[in-house]
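I have placed the structure first, in the form of structure tokens, so that the comments after it can refer back to it.
The values are calculated or read from the model by the stated rules, or taken from the named source; none is laboratory data. A quick note: this is a predicted structure, and the numbers were derived from the prediction, not measured. Here the Cβ positions follow ideal geometry from the backbone for every residue, glycine too, while neighbour counts run over all protein chains shown. Quick note on the areas: whole protein, heavy atoms, side chains included, nothing else; ligands and nucleic acids left out. Shrake-Rupley method; radii C 1.70, N 1.55, O 1.52, S 1.80 Å.
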Amino acid sequence: MNLQILLSIAEPGLNHFLIVSALLFSLGVMAVLSKRNVIMVLMGVELILNSANINLIAFSRFTALSLEGQMMGLFVVILAAAEAAVALAIVLNIYNRFNTINLDKISTMKG
Amino acid sequence: MFTQASLFILLLPLLGFLILILFGKRLPRQGDWLGTGFLGITLLLSLWLLIVKISSHSTEVFSSGFTWALIGDYSFTLGIMIDNLTVVMLVVVTLVSTLVHLFSIAYMKDDVRYSRYYAYLGLFSFSMLGIVLTSNLLLMYIFWELVGISSYLLIGHWYEKKSASDAANKAFIVNRIGDFGMFIGIMILFASFATFSFEGIFGALEAGELPFGSTGWLTAAGILIFCGAVGKSAQFPLHVWLPDAMEGPTPVSALIHAATMVAAGVYLVARVFPMLTADALLLIAYIGAITALIAATIAITQNDIKKVLAYSTVSQLGYMIMALGVGAWTAGFMHLVTHAAFKAGLFLGAGSVIYAMHTMLHKRHDHTTDAQDIRNMGGLRSKMPYTYVTFLIFTLAISGIPLTSGFLSKDEILAGTLAFSTLNGHWILPMIAFLVAGLTAFYMFRLLILTFHGKPADETGHQQIEESPFVMTLPLMILAALSLFFFYSFNPIGASSGWFWQALERPLSVVPEIVQPAAYPIFYQAVSSVHTLAMVLSVVIALTGIAIAVLMYHRKKLDPAAAAQKAGFLYTGSLNKWYFDEFYSKVFVGGVMAITRILRWFDEKVVDGIVNATAPIARGISRGSGWVDHNIVDGLVNATAAGASQAGGLLSRIQSGKVQTYLVYILFGMLLLGIFFI
């Protein structure tokens, strides 16, 4: 049984990737939800995106699909870069406006 | 020919009225010549009609008319009818009216409403001619009211004077009381015969039809129509308006309140005479007698020249009504005609005296002396010879002295009443008639002596009195001539051979035989048998009255003051007109006031009480509904609002404004969806 697990690590299969991806997604969500700093939240978002990338590539590798998964992964990376640029610009504006990037302090939309 | 001519006579004064009321002030001399001229034309036409009609068509009746309105099965016909009665009345009305127009030129000179005065005279003449010419009761009633309104307008000519406007109101209102009865009478006849025309009504009665099938209703209808005459002809108990009507200009008194309008009542009774039952006629005779007596007793103590003449008029009208009531139809109508001439003359004579007095007082700037009080006159004979002579003739005529017209008619009336009493024993009627004849002679000579004879009340003023101008004395002379016997009969002591008597024969009664008055031949026989007696008696009594007046006021053998003292309450009663005005004021005016007070009390206490009681109830109800509104309806609305607000408050907590919290919601939402779908 243990050997099997070890063997499966040596020869990783789809499940291993999905587990890593799930862990990464959870860590990302954790960061997004719990970090006070906007930068940290953005980094969490990056983690979530990358977990999605792992999923895409893993499914592409272990199923009958050709390179669509990898392509999609590449797109995601590019989009993530663009998104990071836009998001950081927003963060700069927020900082200009509120003099802080602590999300708990930024609650003008409170009902 | 007759109908066209009479229509012309009728409409000419109306045309005059319209022109004068619209353009009177712009016409030269304010249009007095126009009114007078028009009336003059109608007078000439009427005279021509009279001569032609009496001489060559004496028994014919001309009539013409048209259907005015059709309502269901009823047709209303307007039309005119010309018989001998009509043509005689036409001449009376137009003659007096023309002379009054003429007289007024001087009398009303410089009046503020000169042209309007002439316009109203025209309106009056038109209405009066309408009454005379009409062939049915409906049209007569219309003209009857028109006469009433023109009388109202003329009495109130000087309406700035309170007494004049009051008198005008009184005349109109008192007349309306009588007219009310007349209208009911007309409607009784219309309800049963469906026609207003005299011809139709008499025809139906002659055929044996009766109103509602009973002679009682016929009597009632007759008496009710007579009520109209009671009002217009100032009979007891509605005689009170006529003396007050003397507030109008004196020529108006001569025209309306002596000669024509007040004669309309007599004319009406003469017109409907055929349908009057014996009972109705008896009542009419008694009303006439009572009126004659009351008015004569009042006239003997009055001091206002016009008041004496007014009461004398009432008394003479009572005579005419009494004559018609006893069946002396021709005598009654003849007295109307002769009286119209001499009473119009008396009034115009009085007008002449008042005019002279007024002018004199005006010259002396005396505004306190009453120009109409005979105690301020005296000795005017020497200064106003024409007025005096004519006044004397009129006075002789009204006293019933032979050779005058008044003698002819009065003598026939007295004979008629005497004959009536021999037929059915109402002795009181001739007794009253003879007593009134004596009283008339007495008070008329008292008036004549106090005005024209004796010493003037004011010597210096007397010097300045002048005879009135010719336009005023001319009508007096014409009327004085007409007060002589030969215009009515060439026999100075008997009217029955004259043209008048021949032309105007008493119409045959059309009522059922059991309620008919004594037939004419029987009546005539009775009259013939007492005629000489009546004539002698009437002359003796008139001369006695004159003698007493002369002794009292001219020779001063009898002291009027002592006589008044001796008469006691009779004197004060007469002086105060038997307290009729006071009585009416207490009973009717006071009664109406009392009823008004009771109604006011009822209004204030009961009606207002009910209204006031409903107010608290309404207030209570509204308070209740207000509470419901406020608490329940508003409560529901507020509760909804409050609920929404609460919910909003609760839900707004979700909107924390923290992005991460939202993300948590999104995440859990996704998870829930995932669980739900997978």
key: Which listed residue is within 30 Å of the chain's Cα centre (by Cα), over 22 Å from residue B:540 (Cβ atoms) and open to solvent by less than 20 Å² (accessible area, probe 1.4 Å), from B:387, B:417   = B:387
task = Mind listing whichever residues of the stretch B:66-94 are free of Cβ contacts under 8 Å to residues at least 60 places away in the same chain and part of a helix (DSSP H, G or I)?
result = B:87, B:91
Neighbours by Cβ (under 7 Å, 6+ apart or cross-chain): first from the stretch B:639-663, within 9 Å of chain A (Cβ to nearest Cβ); second open to solvent by 70 Å² or more (accessible area, probe 1.4 Å) = B:655/A:109; B:655/A:110; B:656/A:110; B:657/A:108; B:657/A:109; B:657/A:110
ask   = Are there any pairs with C-beta distances below 6 angstrom linking a residue in the stretch B:567-595 that is in contact (Cβ under 8 Å) with a residue 40 or more places away in the chain to a residue that is outside any helix (DSSP H, G or I) and surrounded by 12 or more Cβ atoms within 10 Å (Cβ to Cβ), with the two at least 6 apart or on different chains, and if so which?
value = B:574/B:301; B:575/B:301; B:580/B:240; B:581/B:240
remark   = Of the listed residues (B:245, B:280, B:258), the one being outside any loop (DSSP other than H, G, I, E, B), hydrophobic (A, V, I, L, M, F, W, C) and either modelled with pLDDT under 85 or open to solvent by 10 Å² or more (accessible area, probe 1.4 Å) (or both) is B:258
ask   = Which of the following residues is in contact (Cβ under 8 Å) with a residue 40 or more places away in the chain and within 16 Å of residue B:515 (Cβ to Cβ): B:250, B:277?
value = B:277
request  = Scan the stretch A:15-69 for residues that are within 14 Å of chain B (Cβ to nearest Cβ) and not hydrophobic (A, V, I, L, M, F, W, C) and report the count.
outcome  = 7
ask   = So which residues in the stretch B:427-463 are aromatic (Phe, Trp, Tyr) and either buried (at least 21 other Cβ atoms within 10 Å of the Cβ) or in a helix (DSSP H, G or I) (or both), if there are any at all?
value = B:434, B:442, B:443, B:445, B:452
message = Step by step: first the residues of the stretch B:358-384, then only those that are open to solvent by 70 Å² or more (accessible area, probe 1.4 Å) and either touching a strand residue (DSSP E or B) at 6+ places or on another chain (Cβ under 7 Å) or part of a helix (DSSP H, G or I) (or both), then the one that is farthest from residue B:545 (Cα to Cα). Which residue is that?
response = B:363
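Residue-wise test of (1) in contact (Cβ under 8 Å) with a residue 40 or more places away in the chain; (2) closer than 19 Å to residue B:83 by Cα; (3) out of contact with any strand residue (DSSP E or B) (no Cβ under 7 Å at 6 or more places or on another chain).
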{"position": "B:106", "(1), (2), (3)": "yes, no, yes"}
{"position": "B:136", "(1), (2), (3)": "yes, yes, no"}
{"position": "B:141", "(1), (2), (3)": "yes, no, yes"}
{"position": "B:157", "(1), (2), (3)": "yes, no, yes"}
{"position": "B:162", "(1), (2), (3)": "no, no, yes"}
message = Condition first: free of Cβ contacts under 8 Å to residues at least 12 places away in the same chain and either aliphatic (A, V, I, L, M) or part of a loop (DSSP other than H, G, I, E, B) (or both). Now tell me which residues in the stretch B:503-551 satisfy that.
response = B:519, B:536, B:540, B:547, B:551
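Among the residues of the stretch B:620-636 satisfying the criterion of being among the aliphatic types (A, V, I, L, M) and either under 60 Å from the mean Cα position of the chain (by Cα) or open to solvent by less than 90 Å² (accessible area, probe 1.4 Å) (or both), which is farthest from the other protein chains (Cβ to nearest Cβ)?
For the stretch B:620-636, the residue satisfying everything is B:621.
I'd like to check something: does the stretch A:89-106 contain any residue that is more than 14 Å from chain B (Cβ to nearest Cβ), in contact (Cβ under 8 Å) with a residue 12 or more places away in the chain, part of a helix (DSSP H, G or I) and surrounded by fewer than 17 Cβ atoms within 10 Å (Cβ to Cβ)?
Among the residues of the stretch A:89-106, not one is more than 14 Å from chain B (Cβ to nearest Cβ), in contact (Cβ under 8 Å) with a residue 12 or more places away in the chain, part of a helix (DSSP H, G or I) and surrounded by fewer than 17 Cβ atoms within 10 Å (Cβ to Cβ), which makes the answer no.
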query = Got at least one residue in the stretch A:42-65 being more than 28 Å from residue A:15 (Cβ to Cβ) and not basic (Lys, Arg)?
reply = yes
Failed item in (1) small (Gly, Ala, Ser); (2) at pLDDT below 90; (3) surrounded by fewer than 12 Cβ atoms within 10 Å (Cβ to Cβ), with residue B:642 passing the rest = (2)
ask   = Inside the stretch B:637-678, can you point out the residues that are in a loop (DSSP other than H, G, I, E, B) and either touching a strand residue (DSSP E or B) at 6+ places or on another chain (Cβ under 7 Å) or closer than 24 Å to residue A:38 by Cα (or both)?
value = B:653, B:654, B:655, B:656, B:657, B:658
key: The lone exception for residue B:496 - which of (1) under 33 Å from the mean Cα position of the chain (by Cα); (2) of a type outside the set (A, V, I, L, M, F, W, C); (3) assigned to a helix (DSSP H, G or I) it fails   = (3)
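Of all residues in the stretch B:26-65, count the ones that are in a helix (DSSP H, G or I) and not aliphatic (A, V, I, L, M).
Here the count works out to 18.
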query = For the stretch B:497-524, which residues satisfy the criterion of being open to solvent by 40 Å² or more (accessible area, probe 1.4 Å) and among the polar types (S, T, N, Q)?
reply = B:497, B:502, B:516
ask   = So is residue B:197 within 22 Å of the chain's Cα centre (by Cα) and either surrounded by 24 or more Cβ atoms within 10 Å (Cβ to Cβ) or in contact (Cβ under 8 Å) with a residue 40 or more places away in the chain (or both) or not?
value = no
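Residues B:666, B:678, B:617, B:595: which one is of a type in the set (Val, Ile, Thr), loosely packed, with under 11 Cβ neighbours inside 10 Å and under 30 Å from residue A:106 (Cα atoms)? Outline the logic, then answer.
Values: B:678 fails: under 30 Å from residue A:106 (Cα atoms); B:617 fails: under 30 Å from residue A:106 (Cα atoms); B:595 fails: under 30 Å from residue A:106 (Cα atoms).
So the residue among B:666, B:678, B:617, B:595 that is of a type in the set (Val, Ile, Thr), loosely packed, with under 11 Cβ neighbours inside 10 Å and under 30 Å from residue A:106 (Cα atoms) is B:666.
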request  = For the stretch B:466-488, state whether one or more residues are open to solvent by 20 Å² or more (accessible area, probe 1.4 Å), under 21 Å from residue B:422 (Cα atoms) and charged (D, E, K, R).
outcome  = no
request  = Look at residue B:585 and say whether it is surrounded by 19 or more Cβ atoms within 10 Å (Cβ to Cβ), part of a helix (DSSP H, G or I) and among the polar types (S, T, N, Q).
outcome  = no
key: Filtered residue count, the stretch B:204-215, keeping only those that are part of a helix (DSSP H, G or I) and either free of Cβ contacts under 8 Å to residues at least 24 places away in the same chain or surrounded by fewer than 14 Cβ atoms within 10 Å (Cβ to Cβ) (or both)   = 4
message = Cβ contacts < 9 Å: first residue at positive phi, restricted to the stretch B:17-40; second residue open to solvent by 50 Å² or more (accessible area, probe 1.4 Å) and not charged (D, E, K, R), any location; separation 6+ or different chain. Result?
response = B:31/B:23
key: Subset of the stretch A:70-88 (residues that are under 15 Å from the mean Cα position of the chain (by Cα), more than 14 Å from chain B (Cβ to nearest Cβ) and touching a residue at least 40 places away in the same chain (Cβ under 8 Å))   = A:84
